[in-house]
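FYI, it's all coordinate maths here, none of it is from the lab. Keep in mind it's a predicted model, so treat the numbers as computed, not measured. A quick note on method: Cβ atoms are made from the backbone with ideal geometry, for glycine too, and the neighbour counts reach across all protein chains shown.
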Amino acid sequence: HHRLRPSVVILELSLPDVEGLEVLERLQPEGAPVIVITGEGDIERTVRAMQLGAETCLTKPVQLQHLAAAAARALEKVRLRRQNALLRAHDNVAPELGALGVSPAMQELARQIELLAATDHSTVLLTGESGTGKGWVARIVHRLSPRADEPFVEANCGGPSATLLDSELFGDETGGFVKARERRQGLLELADHGTILLDEVGALAAELQPKLLEVLETKTFRRVGGTRELRIDTRLIAATNRDLASEVKAGRFREDLHDRLNARPMRLPPLRERSREDRLAVLTGILADLGSQMPGCPRTCTEEALDRLLSAPWPGNVRELRNAVERAMIIARGCAAIGLDHLPPDLRRSGVAGGSGGAGGDRRHQPQSLAEVERLHIEKILRHHGGNRTRAAQELGISRATLINKIKVYGLDL
């Protein structure tokens with residue numbers, strides 16, 4: 001049950017190796033409704049099953065239409081229960097969207113995100129430049145949806161080769177893939193009942209586009225090398241920094257797939273298009289989030305540093321801003337606030353980042369090499385993951401072997 005997390009359980013009380021009522025009793029804390037099947041005339045066990053919380057009891061021989069109707073009623077109750085839980089928790093979760101900003105445009109964007117979360121079966125297409133927060137919005141949509149207790153899985157469509165991505169997304173059967181040693185579930189299966197984010201969907205290889213279209217249209221697919229059709233109930237969120245309409249015109253992206261993905265589009269504006277108040281909200285959220293992970297580092301900025309951070313164009317958007325703030329917090333460890341001398345060199349110059357002017361900073365500046373900044377950052381990531389080198393390497397965007405080498409070079413003892 002813990003591995004599959006079914007929405008409904010059908011339990012036969014007459015099991016060969018365990019008492020069915022004991023199984024029912026153990027299942028109750030898991031929360032999934034249980035449909036019990038009993039033998040004819042087994043009134044005592046039927047009554048006991050209902051006392052233990054069975055959703056309903058069916059007597060053998062069971063007619064399939066009766067079982068299907070009972071399962072459908074149980075599933076509807078599950079959906080209503082999840083929606084009610086979502087509504088009760090909504091007041092506690094929705095404040096995450098405050099990081100989007102306070103302007104009418106960003107408040108409307110927050111409202112649209114909440115609406116997308118409520119309609120948990122519709123496909124979502126998130127567009128916007130790199131670093132605008134498409135992955136963050138996808139995770140928010142999942143957490144605000146009735147699927148919040150189910151898996152959230154991410155897949156990058158632009159990274160591996162088409163063959164590798166085919167196996168990664170759809171899974172592969174024994175011998176179905178040149179390097180496959182055993183049957184493997186794909187990410188779509190792992191996200192069943194939950195949400196999958198297909199990042200950089202505009203880079204999806206042409207040979208995989210029909211397979212993704214079939215999933216969207218039928219909710220079915222086959223593993224690489226497999227013959228059996230698998231059915232899933234997975235919400236799909238796609239993200240891209242490309243203009244898919246232009247990709248369609250250029251013949252690089254299927255028009256029918258674009259139409260399917262574009263059912264609920266949402267554009268995330270770059271930071272340079274957002275008001276100063278909205279950028280301040282983004283920065284405040286970044287400082288609060290990083291501050292909780294980095295004890296001893298300042299969570300506020302001096303007025304001059306704040307002005308530089310809010311005035312910069314940030315071509316890399318929220319991701320670039322976050323990286324700059326994280327670096328500044330590491331350098332400013334032990335200080336009361338992030339100052340101008342803690343910011344990247346282009347921001348320390350007078351005026352907006354990238355502009356001309358004299359050297360900024362003041363006499364309190366303490367030079368720190370890039371290697372020292374890297375050492376401190378690697379140490380922080382390792383501590384955050386409890387010394388787990390695999391997860392730390394994934395967050396740092398480097399291989400595990402490279403991380404181990406850097407640990408040795410910097411003499412980190414974790």
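May I ask you to evaluate 6.51 cos²θ - 1.76 cosθ + 1.60, the Karplus curve with θ = phi - 60°, for each residue of segment 112-124 and list the ³J(HN,Hα) values in order in whole Hz, giving x for glycine and proline?
With the stated coefficients, segment 112-124 comes to 5, 5, 4, 5, 4, 5, 5, 8, 7, 9, 6, 6, 10 Hz.
Apply 1/(1 + (r/R0)^6) to the Cβ-Cβ distance of ARG333 and ARG111, taking R0 = 51 Å, and write down the FRET efficiency to the nearest 0.05.
Working: r = 39 Å, r/R0 = 0.76.
After rounding to 0.05, the efficiency reads 0.85.
Pop the C-beta distance of ALA205 and GLU154 into the FRET formula with R0 = 22 Å and round what comes out to the nearest 0.05.
Details: r = 18 Å, r/R0 = 0.82.
It comes out at approximately 0.75.
Where in segment 295-312 does the label zone of LEU280 land, with the point 7 angstrom along Cα→C-beta and an amide N cut-off under 16 Å?
Counting only backbone N, you get 300-312.
If each residue of separation counts as 0.36 nm, what is the full-extension length gain between ARG400 and HIS384 once their alpha-carbon separation is subtracted? Display every interim value, and only then the final one.
Working: separation 16, 0.36 × 16 = 5.76 nm, distance 1.61 nm.
Between ARG400 and HIS384, full extension yields an extra 4.1 nm.
Let me know the shape class of segment 370-414, please: from the alpha-carbon gyration tensor, a ≥ b ≥ c as square roots of the eigenvalues, rounded when a/c is under 1.5, otherwise prolate if a/b is greater than b/c, or oblate.
Details: a/c = 1.38, a/b = 1.24, b/c = 1.11.
It is rounded, given that a/c, with a ≥ b ≥ c, falls under 1.5.
Taking H placed 1.01 Å from N in the peptide plane, check which residues at least 5 places from THR234 or on another chain put their amide H under 5 Å from its amide H.
HIS193
What is the gain in length, in nm to one decimal, between TYR410 and THR218 on full extension, counting 0.36 nm per residue of separation less the C-alpha to C-alpha distance?
63.9 nm
Pulled fully out, how much extra length does the chain show between LEU306 and GLU44, if you take 0.36 nm times their separation in residues and subtract their Cα-Cα distance?
On the way: separation 262, 0.36 × 262 = 94.32 nm, distance 7.22 nm.
Separation in residues times 0.36 nm, less the Cα-Cα distance, equals 87.1 nm.
Which cross-chain or sequence-distant (5 or more) residues have an amide H under 5 Å from the amide H of PHE221, H modelled 1.01 Å from N in plane?
LEU230
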